[in-house]
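*Asks:* Pasting in a structure now, in structure tokens, and then I'll have a few things to ask.
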Amino acid sequence: MAATCGPTVERAYSVLTIKAIDPSTRKIRGVASTPETDRAGDIVEPLGAKFASEIPLLLHHNRQTPVGIARFFPPTAAGITFEAELPEIDTPGAVKDEVDRAWTSILHKLIRGVSIGFKPIEMEPLKTGGLRFVKSEILELSLVTVPAHQSATVAVVRSLDQAASGLTPPGVTGPLKTRPTMKATTGEHIQNMENKRAALIARTGEILDSAAADGATLSEESAKEHDGLTHQVKELDDDLVRWREREQREIASAVPVPAPTLKVYNRVSVRPNVEKGTEYTRYIMALAACRGNTHEAAQWASRWDDSTPSVALALKAAVAPGTTTDATWAAPLVNQSIASDFIELLRPATVVGRIPNLRNVPFNVKVPTQTAGGAYNWVGEAKPKPLTKLAFGTETLGMNKVAGIIVLTDELVRSSNPSAEALVRQDMVAGIAQFIDQQFLDPAVAAVAGVSPGSVTNGAATAAATVSPLADIIGLINHYATNNISVDGLVFVLTPANALALSFRSNSDGSPEFPGLSVNGGTYKGITFITSNVAGTNVVSMQPQLILFADDGGVTIDASREASLQMDSAPMSPADATTVYVSMFQNNTVALRAERFITWKRIGTNSVKYLTAANWPAPSGTTVTVGSASAKKGE
């Protein structure tokens, strides 16, 4: 049985075989180790063991209670024999009592086993789940209470040994750790029997060789041992015949092992029970309150450790000063999933975040696009087929960024109450969302090389809206069909007022003319409707698969109390003598600068078309309720 004893010492147990007892000198002889598989499924090779000339004899592997000295004889293939001496101690005390108790237990067969404590040097795994220690160093020999019954479990043997040693019992620090064992297969059992047979034969040869060297006949004891070993070999031979027959039967009836069924467990994640974006908002407030000093900000943010400990952790990781041009500055935000929360909060607030199936591409990479399709026609029998070709081009999205500076009062950023956090969070989301939507949809926004992309509507086809919404929608759909562009997945962007007007319209039977639509948009006949006030009087239709979109998915933030700013949404560039600057330090305010790399590009002019001057009226007779008063349109 092998069990860990300290960091590098293993144990192997065997039944004590007492060959001779000398009461006058308190000496015993026996076998300490054999090449047989022990109770733990391990094998300690006797010929690979080394040891000192004298090693301590312990009781139950307790190094604090030595009871004698042990000496090993040269190892043989059959095992390692030993001689141990338990001294007679005249001085009364605990040592005398311990040694006397051990000797008395041996005489009365209360202790019936020995165990070696050894340090593995070279080992290899066995198919049974145990180990074969090819080389080892024996450090001590112990007298142990090992049950003679060979089916005694490892847990019982080790529990008894552990309890007797005075070490911590199971139940205080947990159960004893044991290597899992497996039942030996028929082939492995046959191999163990053959190993034992070889060891027995080797021992009988040693007995005869020893007698021949002395030139004498075998002594009575040697002859008895020789005959006993020979008898064991014959029994093993008979058993080997039976086991080999069983092995052949098992081979003949063997069936393939079915593949194991893997159980898939859902990933469990734990998130703070706070509103989405709160972690990111607190990160910014801590950074602003501590003037960009991340070390101080981490200490300041520890006030939220009970609900958002990731904020302080992210600030501790961000050892470099925060700058919007340093790409590594925001890495801790990404690692802690703080910025992703804010982006997830921002995404449903922006039009680009709600448009499905935009063609996502990386920055500064050439993307192939098809600019023209082939020409096809009917071909008569035995007539030549027309030759056609496709036209391709490439598009590249540069590194454009959205940036803005928010100025907050010192009192606001130092406030940790939920209302202050909500105010900062809502202001950031609303400001960024409104700007991105306006840049994405406003037909007047043209591309500026190296600075900003043009809107998807800039230079796109247009049509004047009518008083018939259904006719206008069908007209936009026909635009794509006429230009051989798939209408699957089309997206319409309109104001909440126009969407609400569509939701009020009904057919002659009273059913909704545009079911699925509301003031927040929705779907109609497979078309997605998205609402945004930025759309104004336009109704924009687009095929998202023909719009390239690149986004790094992060926001970088820098904070300053010493900056002087132009308090203008369109600052003068370059500034002149008339420019007015406001000091953040002088006014007890802090400036937060946010940047996000994002850009887009329309492929071809026909991928987008929009209606102008759209002001679809609600049908006559629609009742609009405001408070407790109601009125019908047309009255």
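The values are calculated or read from the model by the stated rules, or taken from the named source; none is laboratory data. Keep in mind it's a predicted model, so treat the numbers as computed, not measured. For neighbour counting, all protein chains shown are included, and Cβ atoms are generated from backbone atoms with ideal geometry for every residue, glycine included.
*Asks:* Tell me which residues, restricted to segment 60-78, are under 47 Å from the mean Cα position of the chain (by Cα), more than 11 Å from I116 (Cα to Cα) and not basic (K, R).
*Replies:* Across segment 60-78, the qualifying residues are N62, Q64.
*Asks:* Could you identify the single residue in S508, S503 that is in the same structural domain as T457 (by TED's automatic domain parsing) and either loosely packed, with under 14 Cβ neighbours inside 10 Å or assigned to a loop (DSSP other than H, G, I, E, B) (or both)?
*Replies:* That would be S508, the only listed residue that is in the same structural domain as T457 (by TED's automatic domain parsing) and either loosely packed, with under 14 Cβ neighbours inside 10 Å or assigned to a loop (DSSP other than H, G, I, E, B) (or both).
*Asks:* Further question: For the structure I just gave you, tell me whether Q586 is farther than 24 Å from A297 by Cα and in the same structural domain as Q439 (by TED's automatic domain parsing).
*Replies:* no
*Asks:* Could you tell me whether G166 is touching a strand residue (DSSP E or B) at 6+ places or on another chain (Cβ under 7 Å), modelled with pLDDT under 50 and surrounded by fewer than 15 Cβ atoms within 10 Å (Cβ to Cβ)?
*Replies:* yes
*Asks:* On to the next question. Sort out which residues of segment 429-458 are in a helix (DSSP H, G or I) and surrounded by 15 or more Cβ atoms within 10 Å (Cβ to Cβ), and write them in order of number.
*Replies:* V429, I432, A433, Q434, F435, I436, D437, Q438, Q439, F440, L441
*Asks:* In this structure, does F549 turn out to be farther than 20 Å from T466 by Cα, modelled with pLDDT under 85 and not charged (D, E, K, R)?
*Replies:* When the stated conditions are applied, F549 does not pass them.
*Asks:* Restricted to segment 481-497, and to residues that are assigned to a helix (DSSP H, G or I) and over 17 Å from F529 (Cα atoms), which residue is farthest from the chain's Cα centre (by Cα)?
*Replies:* T482
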